[in-house]
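In what follows, a structure is listed as structure tokens, so that the remarks can point back to it.
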Amino acid sequence: QVQLVESGGGLVQAGGSLRLSCAASGRTFSNYVMGWFRQAPGKERVFVASISRTGGSTDYLDSVKGRFTISRDNVKNTVYLQMNSLKPEETAVYYCAARWPPVFSKRWGDYAYWGQGTQVTVSS
């Protein structure tokens, strides 16, 4: 079992930046691929980014490449999502998730553990 708690969401103007954090507890954090997803009202949950166990490999939604950066600190048991040049259409609840076996996936159903989400609102 892994418990995940997100933080760092908020209200930001278009073009601004936010850094989301996700603190993990429970089983060994470094065993898991970690992912970030987002869900806008009335829409399905979609993949944003994922990172390998060591942090050496990452994967991104095409539309966020070059603007978002996922990273992790296996000593602090935390995964981060740095979001720059935010757009109003990226307003959503952002969730972090843990996947085992530690294989990359963009499918939310492949992730067994989820945080409660943090709201990100980007104003125009």
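Per 0.36 nm of contour for each residue apart, how much would the distance between SER30 and SER85 grow if the chain were fully extended, relative to their Cα-Cα spacing? Kindly include the intermediate steps, with their values, before the conclusion.
Numbers: separation 55, 0.36 × 55 = 19.80 nm, distance 2.96 nm.
Net length gain for the segment: 16.8 nm.
Using a 1.4 Å probe on the protein heavy atoms, what percent of the accessible area of the chain belongs to carbon and sulfur?
In the chain, the share of accessible area belonging to carbon and sulfur is 48 percent.
Rg to Rh ratio, the range 39-80, alpha-carbon atoms and Kirkwood radius?
Details: Rg = 12.1 Å, Rh = 11.6 Å.
We get a ratio of 1.04 for the range 39-80.
Efficiency by 1/(1 + (r/R0)^6): what FRET value for GLN1 and SER105, r their Cβ-Cβ distance, R0 = 25 Å, to the nearest 0.05? Result of the calculation: an efficiency of 0.80. Using only side-chain charges placed at the Cβ, +1 for Lys and Arg and -1 for Asp and Glu, the dipole size of the range 38-77 relative to its Cα centre rounds to 100 debye.
Surface analysis of the range 49-124 yields an accessible area of 51 Å² per residue, using protein heavy atoms and a 1.4 Å probe.
Summarising the overall dimensions of the chain from its C-alpha atoms, the Rg and Dmax are 13.3, 41 angstrom.
The values are calculated or read from the model by the stated rules, or taken from the named source; none is laboratory data. Fair warning: this is a prediction, and the values are worked out from it, not measured in the lab. Methodologically, a virtual Cβ is constructed for each residue, glycine included, from the backbone with ideal geometry; neighbour enumeration extends over all protein chains shown. Keep in mind that these areas ignore ligands, DNA and RNA; they rest on the heavy atoms of the full protein, side chains included. Shrake-Rupley method; radii C 1.70, N 1.55, O 1.52, S 1.80 Å.
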